[in-house]
Each structure stands twice: as structure tokens, then as C-alpha cells.
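**Q** Could you have a look at this structure, given as C-alpha cells, before my questions?
The values are calculated or read from the model by the stated rules, or taken from the named source; none is laboratory data. Not measured: the values here are computed from a predicted model. Every residue, glycine as well, gets a Cβ built from its backbone with ideal geometry; the counts of neighbours run over all protein chains shown. Quick note on the areas: whole protein, heavy atoms, side chains included, nothing else; ligands and nucleic acids left out. Shrake-Rupley method; radii C 1.70, N 1.55, O 1.52, S 1.80 Å.
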Amino acid sequence: MIDTMTDTTDQRIELYLRGDTYGSYDRQQRILGRVEDLEAEGVVTDTEVDASWQRIRTPEQDSRDAALATYDEFGDWASENGYRLEPAFERRQRSYIGSDAVHDVVVFPMASLAVYAGSDLQAVFPCADETGAINFTVQDCLDALESGESGWFEQFATVAVDRASPRLTVHAD
């Protein structure tokens, strides 16, 4: 049972599910179910889900620009907090056989979660501390929310974001 005593002062979740993963559908659905339960129980005020992210995105490939813009927003949060998005998110260069073209790409994780307090980005999962010794998973975040551990989020500093609503292509089930 979810503890509804958690402070839900305009706390919302954005869940991003990578659309091109194989063998992870059941795991993604369990995460989605937990996120939906948090909203149904009043633990968070709103949830949004996007299942259109792909494994690798370049500015040339992403017609929405939303995935990379959101990744950059997550990176700002990580830098502000002394965390990093790697190894779950990976930014690297990609070249093509027979071409001199080299593109910066982002490899997205199977699932990622952003928690917002009001209009501020409160935390991003998965993430790791600067040394990589401490990792925070989507599971860790959901466990904290479900158990009512609102103080758990105090270890993360919020970052103001330059948008009023999610950059999502929302997919209804």
C-alpha cells in the first residue's frame, strides 16, 4: 500500500521509456504501473509518459528535438547537483562507414524518470555521483515515493527549467 502522507505539493513525474528495447517490455510495464499507482494514490499530482525515445539520437535524427532538449535539461540538473547521467545515458560520437561524417549521439536508458516539484526539476533517475560509487535507480526513486520518504529527495537540489509543461509525445494505452 502506498503511503499517501507524502507531501505532494505539486510534485509530478515524467517517465521516459525507450521504444526500441528488446526483452524489457515487462520491466517497463512494471515501472509504468508503479508510476500510475503513485498518481492514483495521490502521492504525486500528475504523471506523464513518453515511450517514443529511441536508443540513439542525434540532432539530425530527432525530428522532435524534445529528447535531446530534455537530455540537456537533465544534464544541467546533474551538473548542478554534482551527479552525472552516465553510465545510464551515454553521449558519444558516431561515424558511418564510407563517410567522413561524425555525429554526436545520445544513447538513452531503457527507462528514466524525472521528478518535478512545482516547475523545478527535483531529480533525475538513473544517475550516479561524480565518482560513480553511488548510483540512484528508477527503482530507488519509486521505492522512496511509495514509502512516503519525502525527505529522501532533500539530497538533490532543484533546478529551474525553462518550460511550463513536459516535452512529451504522450501515448495513451
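**Q** So which residues in segment 128-152 are open to solvent by less than 40 Å² (accessible area, probe 1.4 Å), touching an Asp or Glu at 6+ places or on another chain (Cβ under 9 Å) and within 17 Å of Tyr83 (Cα to Cα), if there are any at all?
**A** Ala128, Gly132, Phe136
**Q** Select, from Ser112, Ser147, the only residue that is polar (S, T, N, Q) and farther than 16 Å from Leu68 by Cα.
**A** Going through Ser112, Ser147 in turn, just one is polar (S, T, N, Q) and farther than 16 Å from Leu68 by Cα: Ser147.
**Q** While we're on this one: Would you mind telling me which numbered condition in (1) farther than 17 Å from Glu39 by Cβ; (2) at pLDDT 90 or above Asp100 fails?
**A** It is condition (2) that Asp100 fails.
**Q** Which residues, taken from segment 11-23, are assigned to a loop (DSSP other than H, G, I, E, B) and surrounded by 14 or more Cβ atoms within 10 Å (Cβ to Cβ)?
**A** Gly19, Thr21
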